[in-house]
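All remarks here apply to the structure that follows.
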There are 4 protein chains.
Amino acid sequence: MTGATTPASPRSDMVRNRRLLLAAATTAFAERGTDVSMGEIAQRAGVAKGTVFRHFASKDDLLAAIMLQVLDQLLDAAERLGSADDAGEALREFMTVGVETLAADRAFCEAIGRPSLQHAEVRDAIGRLCGVVETLTARAREQGAIRDDITGTDIVLLLGGIHQTAEPLLAAQPQAWRRYLALAFDGLSAAGARTLPHPPPGRLDLGDSPSAPAE
Amino acid sequence: MTGATTPASPRSDMVRNRRLLLAAATTAFAERGTDVSMGEIAQRAGVAKGTVFRHFASKDDLLAAIMLQVLDQLLDAAERLGSADDAGEALREFMTVGVETLAADRAFCEAIGRPSLQHAEVRDAIGRLCGVVETLTARAREQGAIRDDITGTDIVLLLGGIHQTAEPLLAAQPQAWRRYLALAFDGLSAAGARTLPHPPPGRLDLGDSPSAPAE
Amino acid sequence: MTGATTPASPRSDMVRNRRLLLAAATTAFAERGTDVSMGEIAQRAGVAKGTVFRHFASKDDLLAAIMLQVLDQLLDAAERLGSADDAGEALREFMTVGVETLAADRAFCEAIGRPSLQHAEVRDAIGRLCGVVETLTARAREQGAIRDDITGTDIVLLLGGIHQTAEPLLAAQPQAWRRYLALAFDGLSAAGARTLPHPPPGRLDLGDSPSAPAE
Amino acid sequence: MTGATTPASPRSDMVRNRRLLLAAATTAFAERGTDVSMGEIAQRAGVAKGTVFRHFASKDDLLAAIMLQVLDQLLDAAERLGSADDAGEALREFMTVGVETLAADRAFCEAIGRPSLQHAEVRDAIGRLCGVVETLTARAREQGAIRDDITGTDIVLLLGGIHQTAEPLLAAQPQAWRRYLALAFDGLSAAGARTLPHPPPGRLDLGDSPSAPAE
DNA sequence: GATGAATGAGGATTCATTCAT
DNA sequence: AATGAATGAATCCTCATTCAT
């Protein structure tokens, strides 16, 4: 099993294994949620169980790594779209990419609000994402594409909500989320609407914080 | 062990235990999702493990019972509001009750689309709920309170989505869902909006259907 | 469930229940072996679980009661045949009845050599059976129908052995035991055969006796 | 935990553990039947519970493995004796080995006719055994050592029967089976005996066959 | 660095048995 | 005397994690 034809340097093997593992785990978690066992991921990646733990000290770490992957994709998208001329269209495009990403990843949703979020890195990435999206959102606001009282964090949160709305339909109608994305966007751009009742969320602070300020 | 004030008859004790179990399970599942063990639920209810299984033959049955509880509440609310004069306001009120209910129940969302749904009773209840909500929705449509292309099933699905949007905030801001409910409602009532891109969902048909028609 | 049409005296109800229980247990154990649960037996008898335990303090006691039933049947048969003219034929007839009984009772065989045998009553009944069969055997010996070195206990033990020989066939060929009974009988009547190598067993002494004398 | 003298490589440890497990399971099952728990077997083998399941995916697999062990021993014996000059003596020798083997293994008998038999491997081994024994038997028949109407399958079945006959005595008289083996052999060689009443069994076909042909 | 065997806590579930009514 | 709810020990099995090679 180790007798590969081209061992290359040990370093490169490790890199390759890490890539295999992330790929396998991404697929597995996306398909079947966070309950997939480490054993199965090892198998799918074609490595031994011990190797999984050499790369990711715990299942939680692996989950965090995968969430980071997804978050990075989203971050990239948001950054890429940050300079588009039509900020409203850019925002819509970002949300499309975002919901599409979630729709393909069952674990991501499950994992939100779980111990993985106690990983500082994940929290940071979410924070950063909210920041970049805030830029996007601000421009859309200024261009009048969306109403005044919407923040970047709102947008990020909506990704999960839109996905969740369509989730029960996805098995039968994989594109159903488009319907609810359009609906949400209509809400976002509702011109003369009354101001939203609850204040906008600040930077997302997730995790166990038992210091929940409530209201 | 429970130190109840009135042990009464074994019958009444059983009723009491069932209530304790449902309460414990509802809370536990709501707080920590479907992974809570039967053992913990027993402990929380102050009964022995065996007692849980006397009342609910399997974990899945327990989950189904809890979903039915929630669905029944929603069904009641929808029926109660079915005859209100202002159908738009009634629909909004229903959605308020609905999201509020979900906000208190984490498991409910997880459980949608899971084996518990293979319980005919749960499927039936969902079907019935969609039916009653369709009535509510139709009236709101006729009265011009919401746009034309929204169905009762859309509304039911939105409950989960709105809740999910706010979910990461709930620990810190338990009322945050009100913000996203208002936002969604603005989308629903968007007067001149373009028709939504994806066709409305039919009656919710969940479960294993591997005959996913895709699109 | 208690509202029978004719309660009769409480005494007679108890007798009736005992009979129902023994019948249900006999059938259940015979069909599926000693693993049937007390709960199922209660159900089959149409009584509550508690009632089973009022009549038989433990599952072991119930098993013992059922073994006693079977042993009594065999005892009756042996006594009835004790006065037949043709002792050889009588012995053969007894063995036929005996094996037939076992063939219909899966639990009996399983239960031999188990804790149930620690019930003095069962041990006594086996002892008594060996005694009566010894009479039958002695007459057959005297009449020259079987060889000299066979005892009643040998015969009793053979019942189980013959049954066991055929057991794997019984599902497909319920009468297969007749073949092995005939074969055994041919061995028993082998005229000029050498004396059997191991001394005849004494009175059966079963149970945990850790004082096994070995040889 | 085991204090072995030579831990050697993990591979060799695994082999050693497998051996320990088989030994522990063989003893445990032989002594107390199939009810011994996997936990106890682990303990007896000096390994953790999980290790049992790494080696045998289920209790049934473990039982099957043990039956295969026994069947292999018997198969070896039968093959070894297949070429002896005196086929009658060879058959007797085979039966001696066979019963002796069973006498040391209580589970084997219990397990016959149980789900373990649905393991194709076990069924196959039994079939093969019957085949080899048929050879042995045919030669004994031809040499006039046993009567005409006895098949190899009869012989295999008799092993269990003879053992069962002596079983209640084994604790006190471990060699008692020799008596019943001799008796059975006398039946097998009964020269002028009438033909046996029930047709000989075909190849042993065990398992769920609900197509029981009856008779 | 990789391997995969071993570990053992934990999970769902069953069942004999007890006991309040 | 009968009921059937409650109990909790025991069972099989899974899985994250550790560690010797």
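Points worth noting:
- In region B:13-29, the residues that are under 11 Å from B:Q69 (Cβ atoms) and outside any helix (DSSP H, G or I) form no Cβ pair under 8 Å with any partner that is small (G, A, S) and within 14 Å of DNA strand F (Cβ to nearest atom), whether six or more places apart or across chains.
- Some residue of region B:39-58 being within 14 Å of chain A (Cβ to nearest Cβ), surrounded by 16 or more Cβ atoms within 10 Å (Cβ to Cβ) and either near DNA strand F (Cβ under 10 Å from one of its atoms) or not hydrophobic (A, V, I, L, M, F, W, C) (or both): no
- Residues that are farther than 12 Å from C:C130 by Cα, touching a helix residue (DSSP H, G or I) at 6+ places or on another chain (Cβ under 8 Å) and either buried (at least 18 other Cβ atoms within 10 Å of the Cβ) or hydroxyl-bearing (S, T, Y) (or both) within region C:64-83 comprise C:A64, C:A65, C:I66, C:M67, C:L68, C:V70, C:A77, C:L81, listed in sequence order.
- Residues (more than 13 Å from chain D (Cβ to nearest Cβ) and surrounded by 20 or more Cβ atoms within 10 Å (Cβ to Cβ)) located in region C:142-175: C:G152
- None of A:A28, A:A57, A:A42 is among the hydrophobic types (A, V, I, L, M, F, W, C) and away from DNA strand E (no atom under 16 Å from the Cβ) except A:A28.
- Inspection of region A:86-102 finds no residue satisfying the criterion of being within 16 Å of DNA strand F (Cβ to nearest atom), within 14 Å of chain B (Cβ to nearest Cβ) and in a helix (DSSP H, G or I).
- Residues in region C:115-128 include none that are more than 14 Å from chain D (Cβ to nearest Cβ), assigned to a helix (DSSP H, G or I) and within 27 Å of D:D154 (Cβ to Cβ).
- Applying a threshold of 6 Å to beta carbon distances and a minimum spacing of six or more residues, or different chains, the list of pairs starting in region A:89-108 at a residue that is touching a residue at least 12 places away in the same chain (Cβ under 8 Å) and among the hydrophobic types (A, V, I, L, M, F, W, C) and ending at one that is part of a loop (DSSP other than H, G, I, E, B) and surrounded by fewer than 21 Cβ atoms within 10 Å (Cβ to Cβ) reads A:A90/A:A84.
- Qualifying residue in region C:16-27 (condition: more than 15 Å from DNA strand F (Cβ to nearest atom) and either at pLDDT below 90 or farther than 17 Å from C:D60 by Cβ (or both)): yes
The values are calculated or read from the model by the stated rules, or taken from the named source; none is laboratory data. Note that this is a predicted model, so its numbers are computed, not measured. Backbone-built Cβ (ideal geometry, glycine too); neighbour counts: all protein chains shown.
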